[in-house]
């Protein structure tokens, strides 16, 4: 039986705007197991960004419980949440969020510095991870010397380097052209095949169809949670009559 990585139990998140209470999440319960590939979907205002922030320990719920690897993180303080994020969650963002004056290697080493890993080991792990995402020849390049796809590969390497429990990708192809988007999705597929739990947050149906499970939100609630019976892979795409 697969191990639970995430368990949400009746998560509520309210925001106060002036005298108005906005109910962003309304009693959301959810379980994600080891090595699942999940897409989290919903239109603007559905609550998916709020849910992503809670899953990523960037925010805490108003009420309810969130267990990450059997550890209740829902009531932790900011310092504890920062430690959990560094150890257990790898983030991939639409805008890459790379340090512009640092090389690809230095960007990937950053989470290891926060984790207190020694310099020699940091260098070894970062180099190995960049090689795994096919950027072994770009380690000394800064972000402005890389293409959009290469920058996203650096971001993915940074997310992987600490061997986190989950990879949380927020609109990971949003700033990329079609062909590069498919290459990045192929890389996420490979990461999933290696045993990682992957959660993609997206509003694009085509992107969501690469996941094995699709969770849809509407008005702060889960409107559907279904196994994807028609999973797309990069083999399904053709450019100029040639398979990717």
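No lab work stands behind these numbers, since they all come straight from the coordinates. If you're wondering where the values come from, they're calculated on a predicted model, not measured in any experiment. Cβ: placed from backbone, ideal geometry, glycine included. Neighbour counts: every protein chain shown.
Some values worked out for this structure:
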quantity	calculated
Residue among 42, 120, 90 with the largest mean-square fluctuation in a Gaussian network model of the chain, springs linking Cα atoms under 10 Å	120
Separation of alpha-carbon centers, segment 21-48 and segment 122-147, rounded to whole Å	33
Mean separation of Cα contacts under 8 Å, 6 or more apart, over the residue count of the chain: relative contact order %	26
Segment 32-131: relative contact order in percent, alpha carbon pairs under 8 Å with at least 6 residues between	16
Helical contribution to [θ] at 222 nm, DSSP H n ≥ 4, -39,500 (n - 2.57), averaged over the chain, rounded to 500	-9500 deg cm²/dmol
Anisotropy class of segment 1-99 from Cα gyration tensor, a/c 1.5 cut	rounded
Shape call, segment 31-72: gyration tensor on alpha carbons, a/c limit 1.5	oblate
Rounded Å value of the spacing that divides the Cα centres of segment 178-237 and segment 151-171	15
Order of 130, 30, 160 - criterion: other Cβ atoms within 10 Å of each residue's Cβ, fewest first	30, 160, 130
Between 0 and 90°, nearest 10: helix 148-160 axis offset from the chain longest Cα axis	70
Exposure proxy order (Cβ contacts within 10 Å, fewest to most) of 75, 229	229, 75
Residue of 36, 131, 106 that the Gaussian network model of the chain assigns the largest fluctuation, springs spanning Cα pairs under 10 Å	131
Neighbour-count ranking [beta-carbon atoms within 10 angstrom, fewest first] of 12, 198, 117	12, 117, 198
